[in-house]
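Written below as structure tokens is the structure these notes are about.
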Amino acid sequence: MPTWLFYWGAAIVLVVSFVLLGVLWRTPLLAARERGREIPSALSRIVLGPGRILAQVVSVALFVVVWLSAVFGDTDPFRNLAPTWIYVIFWLGLPALTVVFGNVWRGLSPWRAIADAFVWVREAGGSEARALAEYPVRLGRWPAAVALLAFVAMELAYSDPASPRALAFAIALYSYVALFGMAAFGRDTWEARGEGFAVMYRYLSRIAPLHVEDGRIRVRWPLTGLVGPERVPGSVAFVAVMLGSVLFDGYSRTTTWQDLVARVEGPYIVDDPTFGELLVTLLNIVGLLTGVLLVALAYQAACAAARWTVNAPRSLTGDFLFSLVPIAFVYMVAHYFTLFVLQGQFAIPLLSDPLGRGWNLFGTAHVTPDLTVISPNTTWYVQVGALVAGHVAGLAVAHDRAITIFPARRDALRSQYALLALMVVYTVGGLWVLSRG
């Protein structure tokens, strides 16, 4: 099938979905179902008590193994556990786990586990563990946005992101910042404002049917957590990093960008290759920042147009931000599905030989990954289906929010015209980038 047909098909699906939402979805539905129903209290106590502690112990142990692998293991990234674990299992696998089971990162974060252990020891000794300073409200989520941008910059802009030694330094630096932030401003505050991964997984967990409230696990309909406004400073920038980084990753694989990289690096590749790599890194950083800015500006423009259309008394930027969260997730699915399925298999033998020393700790060192498990056609259809489904979900979330804040149904629908156009642009643009990767 010609690629243009997928573009038109995706756009038509979004327009039809918009019309159906306007006709059939007349009252807010998500907010009324946000809390959901509580699961048996005994199960909640087990999962959030002993289960969480066990998960934290395992998480810290894995964290140590991965860091030691990065420091002392084989410098070949294909024989070292650290690159595969960080870029595939952690970065790609955990988001999928999050949208199914909720904010599991709270129990799996090694930095949170270390902070919890420190607090427990202090309190057991009779001392009170208190934050050293009050977090500046004006900073909002800007520190988390910077932290996430630093990670994706290393992955997408640095010349050798899979280098175990470079990863060892990055792990140590990020760990220092995370633990210092928790000590300075408190565990919960830093996780909600400054720890990039914690903020990202908190956003993605709003899609999930499971969430924790008042120490109890509750089950609800998917997407019902994406309700209400998001007015914390830096939130738009953070979501833009989530979306824009994946957009740049896809575009950086096109022949257009690769040709540009070759022209920049070419004159120095023989005489001064280090300087050439530096120029390419800077070029990639500029491209990454451009992708993030384009996503943020497009969203801001759509919200400004929506405000002008209905003559709203205030900015709508915070009201519709959660509608981008499902899109950010499906962008990750569409762009990294193949990498996760294929490269993720290598984690099995690497767990038995994390340092690349010829060990066989769990008897899986000789497992051979199957690289033919998915076909190119399967990958393309998964990508198209994920992008379309995610943007339809975003439309539904935005529509529910619109009919919540605008009493007049006509205003609610008119406010969505610009966001519909934005969703179409995001969908077609994402498909275009994927088709040329």
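Under a crude label model (7 Å from the Cα following the beta-carbon direction), how far is Arg45 from Ala389 in nanometres?
3.8
Using a 1.4 Å probe on the protein heavy atoms only, what accessible surface does Glu277 show? Give it in Å² to the nearest 10.
Its heavy atoms expose roughly 80 Å² to the probe.
Per-residue accessible area for Arg193 at 1.4 Å probe radius, Å² rounded to 10?
Surface open to solvent at Arg193 totals about 70 Å².
Gain in length, Val264 to Arg165, computed as 0.36 nm per residue apart minus the alpha-carbon separation, to one decimal in nm? Please list the in-between numbers first.
Values: separation 99, 0.36 × 99 = 35.64 nm, distance 2.65 nm.
Using 0.36 nm per residue and subtracting the Cα-Cα distance, I get 33.0 nm.
What number does segment 253-395 give for Rg over Rh if you use C-alpha atoms and the Kirkwood radius? Working shown, then result.
Numbers: Rg = 22.0 Å, Rh = 19.7 Å.
Result for segment 253-395 is an Rg/Rh of 1.12.
Over all alpha-carbon pairs of the chain, lay out the pair-distance distribution in 10 Å bins, whole %, shortest bin first.
Calculated over all Cα pairs of the chain, the distribution is 4, 18, 29, 28, 15, 5, 1 percent.
Taking every pair of alpha-carbon atoms in segment 1-99, what share in percent sits in each 5 Å bin, from 0 to the bin with the longest distance?
2, 9, 9, 11, 10, 11, 10, 9, 12, 12, 4, 1, 0
If you wrap a convex hull around the alpha carbons of segment 329-388, what volume per residue comes out, as a whole number of Å³?
Numbers: hull volume 5.1 nm³, N = 60.
It is 85 Å³ per residue.
Taking the Cα centroid of segment 150-208 and of segment 99-142, what is the distance between the two, rounded to the nearest whole Å?
What the calculation gives is 14 Å, centre to centre.
If R0 is 30 Å, what FRET efficiency do you get for Arg414 and Ala32 from their C-beta distance, rounded to 0.05? Walk me through the numbers on the way to the answer.
Details: r = 24 Å, r/R0 = 0.80.
In this case the efficiency is close to 0.80.
Explain nothing, just the number: relative contact order of the chain, from Cα pairs under 8 Å at least 6 residues apart, as a whole percent.
Working: 615 pairs, mean separation 109.2, N = 437.
Relative contact order, the chain: 25 percent.
Can you give the net charge of the other residues whose Cβ lies under 10 Å from the Cβ of Gly234, counting K and R as +1 and D and E as -1? Don't skip to the answer; put the middle values down first.
Numbers: positive: Arg138, Arg141, Arg193; negative: none.
Combined, the nearby Lys, Arg, Asp and Glu give +3.
Which value, in Å² and to the nearest 10, is the accessible area of Phe180 when all protein chains are kept and the probe is 1.4 Å?
120
Using a 1.4 angstrom probe on the protein heavy atoms only, could you order Leu156, Leu282, Leu54 from most to least accessible area?
Values: Leu156 25, Leu282 90, Leu54 115 Å².
Result of the area sort, largest leading: Leu54, Leu282, Leu156.
If I stretch the segment between Asp76 and Leu20 completely, what's the gain in nm (0.36 nm per residue apart, minus their alpha carbon distance), one decimal?
Length difference between fully extended and current span is 14.9 nm.
Can you give the local net charge around Gln383? Use residues other than it whose beta-carbon is closer than 14 angstrom to its beta-carbon, Lys and Arg +1, Asp and Glu -1. Don't jump to the answer; show the numbers that get you there.
Working: positive: Arg253, Arg436; negative: Asp249.
Value of the local net charge: +1.
Find how much the distance from Arg122 to Ala96 grows on full extension, using 0.36 nm per residue of separation minus their present alpha carbon separation; answer in nm with one decimal. Before the final figure, lay out the partial values.
Numbers: separation 26, 0.36 × 26 = 9.36 nm, distance 3.53 nm.
Extra length from Arg122 to Ala96 when fully extended: 5.8 nm.
For segment 257-412, what does the relative contact order come out to in percent, with C-alpha contacts under 8 Å and a separation of six or more? Walk me through the numbers on the way to the answer.
Values: 112 pairs, mean separation 32.5, N = 156.
Worked out over segment 257-412, it gives 21 percent.
Find out how many positive minus negative residues lie around Ile171, taking Lys and Arg as positive, Asp and Glu as negative, among other residues whose Cβ is under 15 Å from that of Ile171. Walk me through the numbers on the way to the answer.
Working: positive: Arg165; negative: Glu155, Glu195.
Net charge in that neighbourhood comes out at -1.
In segment 11-166, what is the volume of the convex hull around the alpha carbon atoms, normalised per residue and reported in Å³?
Working: hull volume 37.1 nm³, N = 156.
Once divided by residue count, the hull of segment 11-166 is 238 Å³.
Taking only the C-alpha atoms, wrap a convex hull around segment 156-242 and report its volume per residue in Å³ as a whole number.
Numbers: hull volume 12.6 nm³, N = 87.
It is 144 Å³ per residue.
The values are calculated or read from the model by the stated rules, or taken from the named source; none is laboratory data. Quantities reported herein were computed from a predicted structural model and do not represent experimental measurements. Cβ sites come from the backbone with ideal geometry, for glycine too, and all protein chains shown count toward neighbours. For the accessible areas, the whole protein counts, side chains as well, though only heavy atoms, and no ligand, DNA or RNA atoms are used. Shrake-Rupley method; radii C 1.70, N 1.55, O 1.52, S 1.80 Å.
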